[in-house]
1. Rounded to two decimals, what ratio of Rg to Rh does region 6-258 give with C-alpha atoms and a Kirkwood Rh?
2. Pairing the Cα long axis of helix 231-241 with the longest principal axis of the chain, what angle in degrees results, from 0 to 90 and rounded to the nearest 10?
3. Taking amide H positions as placed 1.01 Å from N in the peptide plane, with prolines and chain starts having none, which residues 5 or more places from D186, or on another chain, fall under 5 Å of its amide H?
4. Mind listing the long-range amide H neighbours of Y134? Cut-off is under 5 Å, sequence gap 5 or more, other chains count too, H placed in the peptide plane at 1.01 Å from N.
5. Hey, can you rank 5-13, 315-323, 185-193 by average C-beta count inside 10 Å, highest first?
6. Rounded, prolate or oblate for region 115-164? Axes are the square roots of the Cα gyration tensor eigenvalues, ordered a ≥ b ≥ c, and the cut-off for rounded is a/c under 1.5.
7. Once phi is turned into ³J(HN,Hα) by the Karplus curve 6.51 cos²θ - 1.76 cosθ + 1.60 with θ = phi - 60°, what whole-Hz value does each residue of region 300-308 show in order, with x for glycine and proline?
8. Can you give me the distance in nm between label points at R3 and A325, each placed 7 Å from the Cα along the Cα-to-Cβ direction?
Amino acid sequence: MKRISKSEIATFGENTRLVIGGREPSDYHGFVNPPVYHGSTVLAPTVKDLLGHTQRYAYGRRGTPTSDAFDEAMRALDGSAGVVTCPSGLSAVSTALLSCLSAGDHLLMVDTTYLPTRNFCDRVLTRLNIETTYYDPLVGAGIEQLLRPNTRAVYLEAPGSQSFEMQDIPAIAGIAHKHGATVLLDNTWATPLFFDAFGHGVDLSIQAGTKYIVGHSDAMFGVVSASRKAWPALKAYYGDSGLCVGPDDIFLAMRGLRTLGVRLRQHQDSALRVARWLASRPEVQHVLHPALDSDPGHAIWKRDFKGSSGLFSIILQPAPDAAVAAFLDELKFFGLGYSWGGYESLAIPFDCKEYRTATDWNPGGPGVRLHVGLEDVADLIADLDAGLARFRALSVP
Ligand SMILES: *Cc1c(COP(=O)(O)O)cnc(C)c1O
């Protein structure tokens, strides 16, 4: 096989990049996958080499051939200037924020952010004298009115956590940059395959790798990818903070990455079929899924995104909690559990009322978030059909 240069990789299609990124079998005796290095200490041949840092690797925490292979595969996918890996998605969020914020700074955070991200801002950033203002995800160019002289970062998540509002990412990024603020995006839902963060003005793109990158619900993982401008500060903070990921989890993440394209397209197709079926049901008031034409965020989604993943929500007709429990408790294929992005279907009831502060959450009925896995769609629909019959039986007429 011919060796492929890193610059040439960027010219290939995304599935080709997923397959060949971070891999050079001739360097490891022809084995297809890079070896997994378990290690802390790295020996130097002489004092001169030890003190002069003449070797590529100096210490396990500072990078290994295993972590380098993942970082390179991820860069081949998302076109970033640099990548760091973190032990969870939430640690990727906190790493990205702390890489660009200091005491006295102001952060604009989308109101529909993942709840633990909000908790980090309210509990940790507050303690560091970094002030957070939450903003409406639909603010668009109106973000300009919220910027202050000390606003150093604007954080987005699209679609919104649980409620799936789309954000006008290029409009917000353009204004943030005009004021010198760093633009951060939690891009876990779309992944780099379905949303090109750096092509739309994002400086720091976050992936909860636990979800679609790992893809099998068997490891925790996070990634922060940086633009050229944001990379030096991210790299420096990451090195100083002591973060690193164990080699076996990196191995699982890299294994997941190879099949991300086919899995995500199947999640997309199956979720759309389930979502359209749910939209036709009398028990369902709304389906919150930006790839449906009826969704208020559809035009933005269509303009900026290349696909949709397996996660969306529904708002049921008003009903007592017991009806929602009857719907969910007896499902055969949709497990009741947090997280998502694995091969299996999941469901959780949700209510954003308690924690949204810049917007009102009042959808007029109970919310259920679904992750559509890789099971056969006919089986999933039959499962939901039986669940909605149980829901209807306990709904007040
Ligand atoms: C799950 C999730 C996270 C956090 O990831 P963990 O690996 O669970 O820490 C961050 N952002 C979004 C959008 C998520 O869904």
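All of the numbers you see were taken from the coordinates with simple rules; none came from a lab. In this text the structure is predicted, and so the values were computed from the model without any measurement. Because the Cβ atoms are built from the backbone with ideal geometry, glycine has one as well, and the counts that use them run over all protein chains shown.
1. Result for region 6-258 is an Rg/Rh of 0.99.
2. Approximately 90 degrees, to the nearest ten.
3. L156, E157, A158, I206
4. Result for Y134 returns M109.
5. 185-193, 315-323, 5-13
6. oblate
7. Working through the residues one at a time gives 5, 4, 5, 5, 10, 9, 9, x, 9 Hz.
8. 6.4 nm
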